[in-house]
Amino acid sequence: MECVFCKIINGEIPSKKVYEDDRILAFNDISPMAPTHIVIVPKEHIASANELTEENAEFISHVFVVAAKIAKDLGIDESGYRIVNNCGADGGQTVYHIHFHLLGGKKLAVNLA
Ligand code: 5GP
Ligand code: ZN
């Protein structure tokens, strides 16, 4: 099993955990692009947004609810934040285990593309 995020989920690779439950794990990004940069992943290995189905995508609403909770805990709910999913080469995806970036703690770049 070569997936970096599966290895983080099963503890083979250490991470700074921010939140965990039966469905998802959130941890600090190893190369943060903002003062707050957290990666939120489902425990189920889904390679990218391309592999989402009505059956396996339910965790996504949970990701957004947990992201808002984390943002509040970290005191960036009022200042604002961004939740990002990169899909595929042109989308800038480097780890093929679907994940959502939670970014904040500074005024983020406006240009998304
Ligand atoms: P992507 O570019 O696929 O959207 O995002 C992958 C993210 O995972 C990158 O921001 C990268 O810094 C982060 N990342 C890659 N490997 C590791 C790791 O071993 N530990 C942690 N904490 N983050 C990682
Ligand atoms: Zn994986």
Residue tally, condition open to solvent by 100 Å² or more (accessible area, probe 1.4 Å) and either β-branched (Val, Ile, Thr) or free of Cβ contacts under 8 Å to residues at least 24 places away in the same chain (or both), over the stretch 15-28: 3
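Every residue, every condition in (1) more than 15 Å from the chain's Cα centre (by Cα); (2) surrounded by 12 or more Cβ atoms within 10 Å (Cβ to Cβ), yes or no:
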residue	(1), (2)
GLU54	yes, no
PHE59	no, yes
ALA68	no, yes
ALA71	no, yes
VAL84	no, yes
HIS97	no, yes
LYS106	yes, yes
ALA113	yes, no
Filter pass, ASP77 being away from ligand 1 (no atom under 12 Å from the Cβ), in contact with a helix residue (DSSP H, G or I) (Cβ under 8 Å, 6 or more places away or on another chain), free of Cβ contacts under 8 Å to residues at least 24 places away in the same chain and over 23 Å from CYS6 (Cα atoms): yes
VAL63, sole failed condition from (1) in contact (Cβ under 8 Å) with a residue 40 or more places away in the chain; (2) under 27 Å from ASP90 (Cβ atoms): (1)
Test: GLU12 is of a type outside the set (Val, Ile, Thr), open to solvent by 30 Å² or more (accessible area, probe 1.4 Å) and within 12 Å of ligand 1 (Cβ to nearest atom): yes
Every pair of residues 6+ apart whose Cβ atoms lie under 7 Å, when the first sits in the stretch 32-54 and is within 16 Å of ligand 2 (Cβ to nearest atom) while the second is among the charged types (D, E, K, R) and assigned to a loop (DSSP other than H, G, I, E, B): VAL39/ASP29; PRO42/ARG23; LYS43/ARG23
Selection within the stretch 80-113 - touching a helix residue (DSSP H, G or I) at 6+ places or on another chain (Cβ under 6 Å) and more than 16 Å from ILE46 (Cα to Cα): TYR81, ILE83, LEU102
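The values are calculated or read from the model by the stated rules, or taken from the named source; none is laboratory data. These numbers come from a predicted model, not from an experiment. Positions of Cβ are backbone-derived with ideal geometry, glycine not excepted, and every protein chain shown enters the neighbour counts. To get the accessible areas, we keep the full protein, side chains included, count just its heavy atoms, and leave off ligands, DNA and RNA. Shrake-Rupley method; radii C 1.70, N 1.55, O 1.52, S 1.80 Å.
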